[in-house]
Each structure stands twice: as structure tokens, then as C-alpha cells.
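The values are calculated or read from the model by the stated rules, or taken from the named source; none is laboratory data. Note that the coordinates shown come from a computational prediction; the quantities given were computed from them, not determined experimentally. All Cβ positions, even for glycine, are placed from backbone atoms using ideal geometry, and neighbour counts span all protein chains on display. Surface accessibility is based on the protein's heavy atoms, side chains included, excluding ligands, DNA and RNA. Shrake-Rupley method; radii C 1.70, N 1.55, O 1.52, S 1.80 Å.
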Amino acid sequence: MRATTEYLTFNVPARMDFVHITPEVERIVRKSGVSEGLGLVNAMHITASVFINDDEPGLHQDYKKWLEELAPQDPSRYLHNRTGEDNGDAHHKRQIMGREVTVAITGGKLDLGTWERIFYGEFDGRRSKRVLVKVIGE
Amino acid sequence: MRATTEYLTFNVPARMDFVHITPEVERIVRKSGVSEGLGLVNAMHITASVFINDDEPGLHQDYKKWLEELAPQDPSRYLHNRTGEDNGDAHHKRQIMGREVTVAITGGKLDLGTWERIFYGEFDGRRSKRVLVKVIGE
Amino acid sequence: MRATTEYLTFNVPARMDFVHITPEVERIVRKSGVSEGLGLVNAMHITASVFINDDEPGLHQDYKKWLEELAPQDPSRYLHNRTGEDNGDAHHKRQIMGREVTVAITGGKLDLGTWERIFYGEFDGRRSKRVLVKVIGE
């Protein structure tokens, strides 16, 4: 069995934004030499997500508005912010968008549908945060 | 290590509906010859889900009503629809229900709880869409 | 390839609560002897979750309030409850928080970010329920 692990670092200047990371994941899959296997891509921080959806700026704006409706930033809403944080909303937004994706590797390539793209979702940015990519297989 | 990959195709006549696919996944697990391993089942389209929950029609009606409340179909709500699409809501509903499930294979069988059933969740149907099933293990 | 499977049992006295299970998962990873691989941790019940977030009591209170807003317990809201159940809300809350997490194992250890902790999320407690932990790798 082969295994490759890499850590990607992102420093997103906005509080909330989405970064397209499919090319980085493809690079790691190629480097792994895995032909048939699975890849795990997960946020290592609990106010961030990795998810798969469309690379379309209008949709990303829609997501931001919708997540703000479902879990508003308003710091007074969250008991979590009594710890000195102001990111209670980010812990909620991340649960909607998810922590991780598991992807198939077939014939040495990421086995994604036509419009599937992998994104890093940041909900409490303006500092360095990490994403783990792990590939296992043969 | 053994690996098996199959693509299932669904053409759901409704805009939103859920299709029970556990028997198909079980068939692929048997065919793989994997005794101990993991299975990945994911929608290959970004307006669809694969999820695990109860095979109970009342609950599925409840999910449809709830998803419509959380992300109404109303095309005017979504900037995404300025691309010519009318499925902005479907991209949101899919984030609530998730893209994929990873399942354990133990003793040559899907290792599911008593009431766990795997579903394909369609949020923009009336056309052919694919689900990937990948099994790895020994 | 090595594979280890364990089933953890929880009997949560409240209807909704979160149980920190990272030490249990770490114990199973050590026992597996896997140095490089993947771990799957999933609820085997469809009114429960496994998720990763912060071990902070204020945040957990925030989650409970938020999930109650998104999917109120009120039994009259859910067609599912016509089956004789009163847990329709729990099937919805679980979809927000997710069924499972897939985690990386690197150098024989759970490869988690600084604040990542694994939780069992119960939404219809007061009875025994199971979580599956499966580790594969080499």
C-alpha cells in the first residue's frame, strides 16, 4: 500500500471566502503514485470546511448570504464567544458546509464528476490555517 | 489490495426525490471480493447527494418540506441563476444532505446499523446523473 | 493491509447531548498497529452523529439551541411521527451535524489539527446506541 500526506496552508484575507484547491489535490495524487485508492481532504481547523461544489462566483455569493442567514455573525448570539472568541458563527457555518471530502482515485486520477471542484471554505480568516490531504492505495 | 469502481446512473422524474440504493451498493461490495475495507459512495453531480437515513416515506416527505424551507426553490433568490440555471436551490439543499458516505466493509459485508439505508438524493432531476461507488480493501 | 473494527456503545441520559470520544478512537488506532491509513468513525443509528469540532461547553450549548431552531422537537411537525415515533426532529438534526468523520492516521497517530476533537452527537438518547470505528492501512 502507498500513502502520501501533505499539509496545505491558506491565509484568506476575508472573514469568509472559498478557495479552489482541485489543482493542488490533483498534484498530490500524481505525486503519490497511487493508481487505485482513496483521498481524504479535510480542514484541520474547526472554523473552516472542505467541500465539493461548483466553481461559479454567483453561487459562492449565494452561499455566503445563506450561511449568514442560517448562522449570523452577531457575536452576542453565541455563548462560545464568552471564551473571548468572536467566531461562534464560524463553528456553525462549518457544520453546514462540512469538514472533509473523501474522493476516489481511479486510473491514477481524481475520479470527479464533470462539474465537481474541491474548495477550502474559510469562515474565520485573516490568519494561517491548514488543510490535510492524505492519499492511500496502490 | 483490491479495488472495484462502478458508476450507477439515475434519471429521477421529479425535481426532488430520494432513491434507495443499498442493494446496489451491497452487490458491488460482494463483487469486489473485499472482506475488510472501506466503501465510498458519492454523487458525481453538485445538485445531488448520497446520504444514510431511514427508509420511511413520511420522513422523506418531512425532509423535502424542510429543505424547501431552508433553501426555497424561488429562482429569484439566487445569483447562480444569472448563469441561465434555475437550480440555485439544489446546490444549497445538497450541502445540507451531504455529497457522500463512507461505509465500513466487515466480513465481506456492508457494516451498517439496523436501520441505516443508503439513499441517492436528487434536487434537480429529470435528467441522467451518476453516483460513484468505490470499494478498497483486502 | 491491516484492518481493525470496534463498536462503541453510548447510553446518553439526555435527549440531546455530545460525548467526547477522541481518546477512545486514539486507543483503537494504537491497537490497530496501523502507521499510515484512514479511520472511519460513524454513528450506526440514524438519529445520531459523529462530528469534529471544539471541546467547549458554550459552543455545545450554542449548537443545541441552533439545532432546535433549525429542526424543532415539536412532534406535530413531522409526518415521520405518524409511525409511532416522536423523534422526527432527531433525523433532521443529524443531517446538519453529519453521520461520520473520516480521519487520517500518520506515523501511527490520529492526524488531527490542534483543536480538532471527535464527538458523538446524540439527538434521541435515553437508550443504548452504537458507533463504529474502522481503521485500515499499513
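Quick notes on this structure:
- Taken residue by residue and averaged, Cβ atoms of other chains lying within 10 Å of the Cβ of C:52-62 number 6.
- Per residue accessible area in Å² of the protein assembly as shown, where ligands, DNA and RNA are left out and the probe is 1.4 Å: 36
- Three-way shape label, the protein assembly as shown, alpha-carbon gyration tensor, a/c 1.5: rounded
- With a 10 Å cut-off around each Cβ of B:108-120, the average count of Cβ atoms from other chains is 3.
- Separation of alpha-carbon centers, region A:22-85 and region B:59-138, rounded to whole Å: 18
- 0 to 90° range, to nearest 10: angle between helix C:88-97 axis and chain C longest Cα axis: 40
- Helix C:22-32 vs. chain C, principal-axis angle (Cα, 0 to 90°, nearest 10): 40
- Inter-chain neighbour count for A:84-91: the average number of beta-carbon atoms from partner chains within 10 Å of each residue's beta-carbon is 3.
- Only Cα pairs under 8 Å and 6+ residues apart enter the sum, and on that basis the relative contact order of chain A stands at 54 percent.
- Helix B:57-70 axis, angle to chain B major axis (alpha carbon atoms, nearest 10°): 50
- Phi to ³J(HN,Hα) by Karplus 6.51 cos²θ - 1.76 cosθ + 1.60 over region C:127-133, Hz, x for Gly, Pro: 7, 6, 9, 10, 10, 9, 10
- Expressed to the nearest 5 percent, the antiparallel share of DSSP beta bridges inside the protein assembly as shown is 100 percent.
- For C:E69, the solvent-accessible surface with a 1.4 Å probe is about 100 Å², rounded to the nearest 10.
- Qualifying lysines (Cα of each under 26 Å from Cα of B:K65; at least 8 residues distant if same chain): A:K64, A:K65, A:K93, B:K93, B:K129, C:K64, C:K65, C:K93
- Cut-off 14 Å between beta-carbons: net charge of the residues surrounding C:L59, Lys and Arg +1, Asp and Glu -1: -3
- Cα-derived Rg to Rh of region A:55-101, Kirkwood definition: 1.04
- Computed helical MRE - 222 nm, chain A, DSSP H runs ≥ 4 contributing -39500 (n - 2.57), nearest 500: -8000 deg cm²/dmol
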